[in-house]
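Okay, so here's the structure we're looking at.
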Amino acid sequence: MKRIAVVVACVGAVVASASCDKGTLGTMSGGNQTGTGTTLDGIGGAASTGRAGAGAGGGGGIIIGDPGAAGNGFPGVGGSYAGSYAGSYAGSFAGSTGGPPGRGGAGGSTGRGGATGRGGTGFVFCPAPPLPACGFPACGNGAIDRCQVSVSPGCPAITQVEECDGDDFGGSTCAGRGYGSGALACSSTCTVDPSGCSDCVPAGGRIASCGPAPITFPYLSTFAMASTDTELGVGQVDYNPNTSETRLTFMRLDARLGLISVVGVEDTSQPGPLQGVFLDTIAVAPTSSGWLVAACGGGTVFVHALDATGKKIARTVLADASSLTTGCSTGSLVLAPRPGGGALLMWGAYYDSVAVMIGADGSAGKLQSLMDSTAMPVGPPTGAWTGDAYTLAMPVALDAAGYSIALRVLRVAADGTLTKVADILQGEFSFAPSFVTGADGIRLIYSGVIPNSPSEDLAVMSRRIGPTGQLLADPITLGLYPVWFGRAPAVAFGDDTVVLMNGYEQELFSVVRLDAGGKILSRSDVAIAPDYGVAPYDIVRVGGDVVVGWLRPGSPLTLARVAMP
């Protein structure tokens, strides 16, 4: 009940403190099972005495057969072959010693006796040894013990070893288990508790800080962040696991990730058109006078305008779930800010992709389709302000090329005029595109097949593109599959590019800085974990640093600040 109480406290009201207490995890137990013995008849032989032994159920046990009694041959039916076959099979199946000879059938010769049986069908079930592995007081003596344990009569002895004891972990560490940092703990039953391990790489060098965000929630579904030169804006959606109602909050942090303010933006537990809707996607962007926070839930798209202090100014609904061409698909919202103005909001719909200009006051322009009859979308759009206009890209399947995958590049002028630029990278299986935020020119980061690769190797690549979609140089390979793959967001530092590389087979985040020619100037590992379960993740620039954010299921939002040389 403690866990439920925490959820109600965290979800039912506006944030009142910087953290919500975590509840405790309950335990589950299964009942034991007991087998009942039965007597089996041999096929062609007399009843055997093999029986099933009763055993208590338990996981990880060992099954051992009890020997059965000798089988007897039935009288031969029609001759010695029938008697021999029947008696032998009966004895072999159920008996432990040879049975007496079978009696000859009418008109037949005497059958042979049953062969030696293989033992009865009884079972002795050996349950898994209880914890601690070597019992008390061995657990608690400060040293890892090894022992022989027999859990039940008839079961063999099993060698047991404690995982830990006190401060003795047998050399095991969080780093050795694949985590970035942290300390293991030893439970009261001498088993290792890894909950103190963290995916954060220890602070030091370029890693200025890494840890949970100042405002955390026990049930967080998604987040988004954006920045100015001095502040970080973060939107978070937490939910009530009992009702699936959600709440959208927005917090402002300073350049050192200290909390400035927090405000509740949307609460779907309250009466209104969004009551009961699960908000699954959000996007954030700075404006000339504050912030924009967009969200999507149940296909409905809306945007809130906030002033510089985070106070709500306006709310505009842009599309509803009834439209297959404008309703929002999960995970597809992108807000691309324009210096000194508003932003361009993009998202993927079921049959289309959509873009709309948003003013700093939350006012919206005309919704524009990004597709035409020559292609169909196979991924959501992305975009960035690239000097004098927005540049957009999205993966498409081209009808005229047998549905070959390409990246469609479009341009949206400051007045909202939309122009198709080119379909590029055709046949290179390019996807997960992102533009370098804050760059004057068009710098594209994407995953795909390395051009002219004999084995069609996959990689994360960087490429510079001209204003008409021309490829200005060969791609620069940033990381090869399967170590690296997928979306790699990036920000500009003058002519340099800072990319957040994302591990494919495990959680692994690295911040890589490239010069204008693609030479790697520095690399800083930010997070490491043995499994992969991160979604979403992002990188933004705040002054002379970058901030990396990521979310693991069941964990709070984590933020890392990395200094750029």
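Throughout, read-outs are computed from the coordinates displayed, never taken from laboratory work. All figures in this text were calculated on a predicted structure; none of them were measured in a lab. So basically every Cβ, Gly included, is an ideal-geometry build from the backbone, and we count neighbours across all protein chains shown.
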| message | Could you compute the net charge surrounding Pro194? Neighbours are other residues with a C-beta less than 15 Å from the C-beta of Pro194; K and R count +1, D and E count -1. | response | -3
| query | What residues qualify as long-range amide H neighbours of Ala208, i.e. H under 5 Å apart, gap of 5 or more or another chain, H built at 1.01 Å from N? | reply | Arg561, Val562, Ala563
| Spatially proximal aspartates and glutamates relative to Lys312 (Cα-Cα < 15 Å; intrachain offsets below 8 disregarded) | Glu266, Asp267, Asp361
| task | Taking the Cβ of each residue in Thr287, Thr309, Thr477 as the centre, tally the other Cβ atoms inside 10 Å and list the residues starting with the fewest. | result | Thr309, Thr477, Thr287
| note | Here the FRET efficiency for Asp457 versus Asp531, based on Cβ atoms and R0 = 25 Å and rounded to 0.05, is 0.50
| Spacing of the two label points (7 Å from each Cα toward its C-beta) at Ala414 and Ser373, in nm | 3.6 nm
| message | I need Lys312, Lys420 ordered by Cβ neighbour count within 10 Å, fewest first. | response | Lys420, Lys312
| said: Quick check on the range 387-487: take the gyration tensor over C-alpha atoms, sort the square-rooted eigenvalues as a ≥ b ≥ c, and tell me if it's rounded (a/c under 1.5), prolate or oblate. | reply: oblate
| message | How much length would be gained if the chain were fully extended between Thr173 and Gln148, taking 0.36 nm per residue of separation minus their Cα-Cα distance, in nm to one decimal? | response | 6.4 nm
| task | Tell me which residues come under 5 Å, amide H to amide H, from Asp267 once H is placed; ignore anything under 5 positions away on its chain. | result | Leu248
| message | Can you give the local net charge around Asp531? Use residues other than it whose beta-carbon is closer than 14 angstrom to its beta-carbon, Lys and Arg +1, Asp and Glu -1. | response | -1
| request: Extending each Cα 7 Å along its Cβ direction at Arg315 and Thr243, get the distance between those two points in nm, one decimal. | output: 1.6 nm
| Gain on full stretching of the segment that runs from Ser187 to Ala400 - 0.36 nm per residue minus C-alpha separation | 70.4 nm
| request: Using a Förster distance of 25 angstrom, determine the FRET efficiency expected from the C-beta separation of Gln470 and Ile520, and round it to 0.05. | output: 0.50
